[in-house]
There are 2 protein chains.
Amino acid sequence: RPSLWEKEALARWMVHSLDWGVLTTISSRLPGVKPFGNVYSFVDGQCSNSTGTPYFYGTYLDQSFQDIRENPSVSLTLSEASLPSVCGGKASKSCSITGSNLGDPENPVCARLTLTGTLEQVPFESEEYAMAQQAFFERHPQMDYWPQDHHWIIAKLEIADIWLINYFGGAKILPVDAYYGAKLEFGSVQD
Amino acid sequence: RPSLWEKEALARWMVHSLDWGVLTTISSRLPGVKPFGNVYSFVDGQCSNSTGTPYFYGTYLDQSFQDIRENPSVSLTLSEASLPSVCGGKASKSCSITGSNLGDPENPVCARLTLTGTLEQVPFESEEYAMAQQAFFERHPQMDYWPQDHHWIIAKLEIADIWLINYFGGAKILPVDAYYGAKLEFGSVQD
């Protein structure tokens, strides 16, 4: 885990390390303007490769993908409390309610991250699709067995806004360029 | 954990057992109509008491509460993958990626639940406030130490719509009355 002061690297670490989050859309099922959150697994690459871009393995049968046909704006919300992950790493004491540390998922020191942007389908024949599919089948091996007739697609979050709380004092908005420029050094990451 | 066929009881069990989820609003910070998800701890009562209604311990300093001043529509999204919980229970094998079971948080058998409705502040002097505050301080003991000058409030989700996936075949919409009528028998719940 990067230092709490390296905010862009910490955000990159969360996107790379975590296995699932909540993908949020504007509901097309409910009347009025209402948000809809849905649990999604995601990857930003194989364990050995972080792109910084979250990819989703989904289908237009699902509510979230029906929603983005009407409004492609989405957010992806991640909590450090959802660790441990397939690629390693475990939740910090700041996230854990039980035990003497008295952490909590709502504790500002338990990092939470929301990426907002648009969800866009990745073309089937692209290198990007092949890369993301390989990452999904490595990190979410069950997906390789999911029914073909669901017409699975891979979509990615084009990040426009990065909102992070990982310390006291409120949320910080991180520049997208700095996020993609942050170095994520595998092996040197501290827990 | 209730049987997968007792869908209302399963939804009640998730709302009672889980410690945190993602609260989603319509963003008042970003231009256009965009969703915003934020990690929140919640309770529906003490471990020994399930009301079925999710309560949140928050402040108008936080983005989500600023959002609901403009549009009180929210959703709360829960994943069984976020277990274990303070009140007991652990994630089912269906949610766990590692190991021979090959579960996954996006596996339909790993239950995911989204409650949509409006977020409403609970009056400070009410019995409901005292009940919820006691539940927060029991199940999220760190909250008792949070800074008084943040002007903490308790808000509740007035549930209008219940969306659940806990098996193959897509989401089910559960009647709110049946959800509140479901019996959650403590001690008889199977893992």
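The values are calculated or read from the model by the stated rules, or taken from the named source; none is laboratory data. Predicted model only: the values in this text are computed from it and were never measured. Please note: Cβ atoms are built from the backbone with ideal geometry, for glycine as well, and neighbour counts cover all protein chains shown. Ligands, DNA and RNA are excluded from the accessible area calculation, which covers all protein heavy atoms including side chains. Shrake-Rupley method; radii C 1.70, N 1.55, O 1.52, S 1.80 Å.
Within the group B:TRP13, B:TRP20, which residue is within 11 Å of another protein chain (Cβ to nearest Cβ), open to solvent by 10 Å² or more (accessible area, probe 1.4 Å) and under 13 Å from B:SER85 (Cα atoms)?
Values: B:TRP13 fails: within 11 Å of another protein chain (Cβ to nearest Cβ).
Only one candidate qualifies: B:TRP20.
Go through segment B:17-50 and count every residue that is under 11 Å from the mean Cα position of the chain (by Cα) and either closer than 18 Å to A:VAL39 by Cα or polar (S, T, N, Q) (or both). Lay out the reasoning, then the answer.
Pass one, segment B:17-50, residues under 11 Å from the mean Cα position of the chain (by Cα): B:17-23, B:39-44.
From what's left, either closer than 18 Å to A:VAL39 by Cα or polar (S, T, N, Q) (or both): B:17-23, B:39-42.
Total meeting the criteria: 11.
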Query - Any hit, segment B:41-51, residues being facing another protein chain (nearest Cβ under 8 Å) and modelled with pLDDT of 95 or more - result: yes
Report task. Quick one: which strands (runs of 3 or more DSSP E) lie wholly within segment B:87-191 and hold at least 3 residues that are surrounded by fewer than 16 Cβ atoms within 10 Å (Cβ to Cβ) and either among the basic types (Lys, Arg) or at the interface with chain A (Cβ under 9 Å from one of its Cβ atoms) (or both)? Result -> none
Query raised in the report: Do we find that B:LEU4 is on the phi < 0 side of the Ramachandran plot and either facing another protein chain (nearest Cβ under 8 Å) or modelled with pLDDT of 95 or more (or both) in this structure?
Result: no
Query raised in the report: What residue, among those in segment B:62-85 that are among the hydrophobic types (A, V, I, L, M, F, W, C) and more than 9 Å from chain A (Cβ to nearest Cβ), is farthest from B:GLU120 (Cα to Cα)?
Result: B:LEU83
Report summary line: Among (1) within 30 Å of A:LYS172 (Cα to Cα); (2) in contact with a helix residue (DSSP H, G or I) (Cβ under 7 Å, 6 or more places away or on another chain), B:ILE68 falls short only on (2)
Query raised in the report: Restricting attention to segment A:23-35, and to residues there that are among the hydroxyl-bearing types (Ser, Thr, Tyr) and part of a loop (DSSP other than H, G, I, E, B), which single residue is surrounded by the fewest Cβ atoms within 10 Å (Cβ to Cβ)?
Result: A:SER28
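So for segment B:8-24 (the condition being closer than 19 Å to B:HIS150 by Cβ and either without any contact (Cβ under 8 Å) to a residue 12 or more places away in the chain or touching a Lys or Arg at 6+ places or on another chain (Cβ under 7 Å) (or both)), does at least one residue qualify? Quick ask: steps written out before the conclusion?
Here is the first cut: in segment B:8-24, the ones closer than 19 Å to B:HIS150 by Cβ are B:20, B:23.
This time we only want the ones that are either without any contact (Cβ under 8 Å) to a residue 12 or more places away in the chain or touching a Lys or Arg at 6+ places or on another chain (Cβ under 7 Å) (or both), so: none.
Scanning segment B:8-24 turns up no residue that is closer than 19 Å to B:HIS150 by Cβ and either without any contact (Cβ under 8 Å) to a residue 12 or more places away in the chain or touching a Lys or Arg at 6+ places or on another chain (Cβ under 7 Å) (or both).
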